[in-house]
Amino acid sequence: MYINEWYVMAQSEELTDRPLQVKALGQKFALFRDSNGNAHCLANVCVHRGGSLSSGKIKGDCLQCPYHGLQYDGDGICRFIPTLPEGAKIPERAKVDAYPVDERYGLIFAFLGDLPEAERTPILEAPEWGQDGWRTFNLLYHWHANLEVVTENSLDATHAEFAHTATSQEGQFRLGDRASIEMLDYDWGNSYVIRSGSLDLTQGHHGISQTFGYMNFEMKTADGTEPGDFRFYAYATPVDEYSVRRYLLHARNFYLGEENDKQLLKGVWQFEKEDRVLLEDTRPLLAPNPDTRQLLLTEDQIIAQYRDFVSQRQQAGWRIDTERVNATREQTVYAIPSPARRESTGWITEEIPRIRPSA
Ligand code: FES
Ligand SMILES: [Fe+2]
């Protein structure tokens, strides 16, 4: 698992007027809305004596710890200590990590890491969201599979013939006579297009955890054929090493009527089940390192590129050292470092250990 990505913490509608506990990167976070309705994301453990902030109460623009009532604002700064004498200064060390939040597409994203804004990979944009001529909806999948394994599946076109038999034809992706692949330039990751008959399928990854797919095809209609565009934007959040929440935004410019949703959704959930069953049973459980013994074929170039991309993130020192975290988790509270750690000192909670880049 890697820090320094935008991860979806919750769907907008899940965060009401109460705090919400969310797990990501193996850690707990406290989400809450201030008096203006703006969402905030804090590390869950109170620096006083370890209370769970997400079990506390919202007080104005602050989140109050359920144990002794310290109140933290959306920047993670403690603004009130109930037992402090009138006029006494709040210690500067009374602060928890607070993460940048961006709410859009009906999703609450948090940047879990310490990179300054200019260096962050932006959130994958879904320009069709809410646009005329497009119909969009959000789905949430819970899969017991590693994030990288899930991302690789999302980049993979050729499994459709075997895993999703209702929607593909035999031999559809036979390279040479039936299909061709072209790798494309993409600023925030890697992408490619696979062409087969009237189907053009572009897929790619954006950062480590976000993927997209554009599909153009000819639809059969009563009086001939019509072009159709189907697009997806997938935002995956590692709950821990072995499970993900996958937020999938679908967009289509055909069958726009609401009455078509039911039929399409049936197909989408069938797809979900087919991938889930497949991924929960593939091995190894953790993402293969680039040197793991697997036979990559021509169509797997995107998988090789993705693995290289991930290993660059490891070289940057962003990979969480899960073994160390697990070995010490009963005695130590860890925080994913927030951007404020680069600006100030005096942090009580220990930064989560990361794998040191190799020389
Ligand atoms: S543990 Fe949070 S106020 Fe004491
Ligand atoms: Fe699939």
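Observations, loosely collected:
- Within region 226-250, considering residues that are at pLDDT 95 or above and among the small types (Gly, Ala, Ser), the one surrounded by the most Cβ atoms within 10 Å (Cβ to Cβ): Ala236
- Condition met for Asp229 (under 27 Å from Gly106 (Cβ atoms) and out of contact with any strand residue (DSSP E or B) (no Cβ under 6 Å at 6 or more places or on another chain)): no
- Number of residues in region 327-350 that are more than 22 Å from Val96 (Cβ to Cβ) and at pLDDT below 95: the value is 0.
- Number of the condition not met by Met183 [criteria: (1) within 16 Å of ligand 2 (Cβ to nearest atom); (2) at pLDDT 95 or above]: (1)
- Region 267-297, residues that are of a type in the set (D, E, K, R) and within 16 Å of ligand 2 (Cβ to nearest atom): Glu272, Lys273, Glu274, Asp275, Arg276, Glu280, Asp281
- Qualifying positions in region 191-228 - among the aliphatic types (A, V, I, L, M), without any contact (Cβ under 8 Å) to a residue 40 or more places away in the chain and assigned to a strand (DSSP E or B): Val193, Leu199, Met215, Met219
- Any hit, region 81-93, residues being crowded, with 20+ Cβ neighbours inside 10 Å and either part of a strand (DSSP E or B) or out of contact with any Gly (no Cβ under 8 Å at 6 or more places or on another chain) (or both): no
- Across region 37-67, the qualifying residues are those that are closer than 20 Å to Glu103 by Cα and in a strand (DSSP E or B), and the one among them that is farthest from ligand 1 (Cβ to nearest atom) is Ala39.
- Answer residue from region 80-114, given it is over 26 Å from the mean Cα position of the chain (by Cα) and aliphatic (A, V, I, L, M) and is nearest to Gly50 (Cα to Cα) among those: Ala94
The values are calculated or read from the model by the stated rules, or taken from the named source; none is laboratory data. Predicted, not measured: the structure shown is a model, and the values here were computed from it. So basically every Cβ, Gly included, is an ideal-geometry build from the backbone, and we count neighbours across all protein chains shown.
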